1. If you take the Cα Rg of the stretch 156-243 and divide it by 2.2 N^0.38 Å, with N the number of residues, what do you get?
2. Count the net charge of all other residues whose Cβ sits under 14 Å from the Cβ of G176, scoring Lys and Arg as +1 and Asp and Glu as -1.
3. Take the Cα atoms of the stretch 365-466, find their three principal axes, and give me the spread along each one in whole Å, biggest first.
4. Within the stretch 277-311, find all residues whose amide N lies under 11 Å from a label point positioned 7 Å from the Cα of T218 along Cα-to-beta-carbon.
5. Could you work out how far the C-alpha centroid of the stretch 270-285 sits from that of the stretch 301-364, in angstrom?
6. With +1 on the Cβ of every Lys and Arg and -1 on the Cβ of every Asp and Glu, and nothing else charged, how large is the dipole of the stretch 195-296 about its Cα centre, in debye rounded to the nearest 20?
7. Choose one of T316, S275, T290: the residue whose Cα lies farthest towards the positive end of the charge dipole of the stretch 250-333 (beta-carbon charges +1 Lys, Arg; -1 Asp, Glu; about the Cα centre).
8. At 10 °C and 1.306 mPa s, grab the translational diffusion coefficient of the chain from Stokes-Einstein with a Kirkwood Rh over Cα pairs, rounded to a whole number in µm² per second.
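The values are calculated or read from the model by the stated rules, or taken from the named source; none is laboratory data. Keep in mind the model is a prediction, meaning the values are calculated, not measured. Reconstructed Cβ throughout: ideal geometry from the backbone, glycine too, with neighbour counts over all protein chains shown. Areas reflect the complete protein model, heavy atoms only, side chains present, ligands, DNA and RNA absent. Shrake-Rupley method; radii C 1.70, N 1.55, O 1.52, S 1.80 Å.
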Amino acid sequence: MQTVHEPARKLPIIGEYDVIVAGGGPGGLTAAIGAARAGAKTLLVERYGFLGGMATAGLVGPILGVKARGSDEPMIGGVTEEFFRSMESMGQAGPYEESVSRGGIPFNAEGFKLMADTMIEDAGVALRLHSVVADALVEDGRITALVLESKSGREAVVGKVIIDATGDGDVVARAGAGYTKGRDADGAMMAMGSMFHVGGHDGSVEVTTEQQEEFKRTVREAIDAGELNLYNPAIGGKGSTRSPGMMSANVTRFAGDCTDTETLTHAELQVRRDSWDALNFWREHHPAMTNAYMVQTPPNVGLRESRQMVGLDLVTGKDMTDARRRDDAVARAPYWIDIHCPLGRVKNETHLCYKSCPNDPPCPMYEEHYEDLPGEDGTPNGPEGRRLLYPKDGLWADVPYGALVSADIENLLASGRCISMDHQAMSAVRVMGTCMAIGDAAGEAAAMAADGDGNARDVAASELQERLRANGAAC
Ligand SMILES: Cc1cc2nc3c(=O)[nH]c(=O)nc-3n(C[C@H](O)[C@H](O)[C@H](O)COP(=O)(O)OP(=O)(O)OC[C@H]3O[C@@H](n4cnc5c(N)ncnc54)[C@H](O)[C@@H]3O)c2cc1C
């Protein structure tokens, strides 16, 4: 590849902080609020003009990971609980207790943005929108500054402790810290895929079970014939919209590495096209969707998996199904190993990647690394099989503090979906309720580290747990 030389230059330092959080998604939001409330001078940097990450830029919902299967015990608390109780009182999220006991909190993506603005401002977090964290400068195993790229040019911010909540581990990568990508066998990552909002669903039209089945069969046939590129024959649910007549659909998928910009570009185009194809098909074939219309495709294609920071500790898929407990637990992960086919396949009856996948056409993973697939031999496809991919009923896997701490850079923590975990654990821990709970912990820990000399490894897990519990967090 040909190269050009970029001359070195001095950058203006536009601020100095105790804690800088890169990325304002579910994992970054609660981290910034938690750090500021714990007394740290905190900056939150976000590349878009609004906060929320996949909850808003991806129109993803509902909030999952909020309770253990087979139990009503909440798995979230602290800032996360406050966030959704406040959204409920604004009429922007489902009733808190009822939603948690159902296992998911539906909300309005626009309300999420407003609540995020409000809580960030109330907590006294300094906010810098429209700013990409473009680089991390490192000296002696410590990040000394982050480089921001924006309309204002290239600028630097200095922070004692840095939290990477970019979802994709951008700070980790730019700082030269260790990270992994995808599954061990071939590095393939869960497929991307967008949720989109559709209006005009007519709830007054009664759709019989037979009609529903007939509709699904028709979609399946179109998928098998290659006329539709959808993995899911359903029209969707309320997800990240609470408005009458609106649906939030989760049917598309695109395989590839979402840290590669060319792949991302193809994904945006393909997934948008597939979303429109789905809508047009539904209008023709679903009795309640005759007058359906596209309200919005998301500003950013849905991103599931990319870089995982190499941490002092690691959460594994086995930890999830064993419901492993940890002495340094800082959050609870009750969701199941929900791996969206990394090959982006849409034809198989299941969208899961596990031992019971119908494996048609033959899958290299299935043929060469069968033992690495989650689940068990002969596991039935469907809900019964799925049950085996959850922590046992009423239980959860603990997220240990060590999985938030970089193994390489002493003042670097991760929050949200880019913490230290393997591919299987990632597919469970990535849900937004869990990411927000991890953010609670990352923010509090960063403030504690900033009180000392900024070394995240020096934070005493027992004191962190005490502080989190005092704030109402579940850990
Ligand atoms: C199609 C799909 C469906 C899903 N369904 C659900 C669901 O129903 N329920 C559920 O709970 N979870 C669901 N998830 C998972 C969930 O949405 C994500 O795992 C979760 O949002 C991760 O939170 P995060 O904060 O770690 O990362 P993200 O939500 O990705 O947020 C990262 C933030 O960082 C910002 N950012 C990134 N890079 C930079 C940079 N260099 N500089 C500055 N800012 C940066 C981004 O703009 C973004 O705001 C789904 C995901 C997808 C893709």
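1. 1.76
2. Taking every Cβ under 14 Å from that of G176, the sum is -4.
3. Taking the Cα atoms of the stretch 365-466, the three principal extents are 53, 32, 20 Å.
4. Answer for this model: 281-290.
5. So the two Cα centres are separated by 28 Å.
6. Its charge dipole is roughly 340 debye.
7. Positive-end residue among those listed: T290.
8. 70
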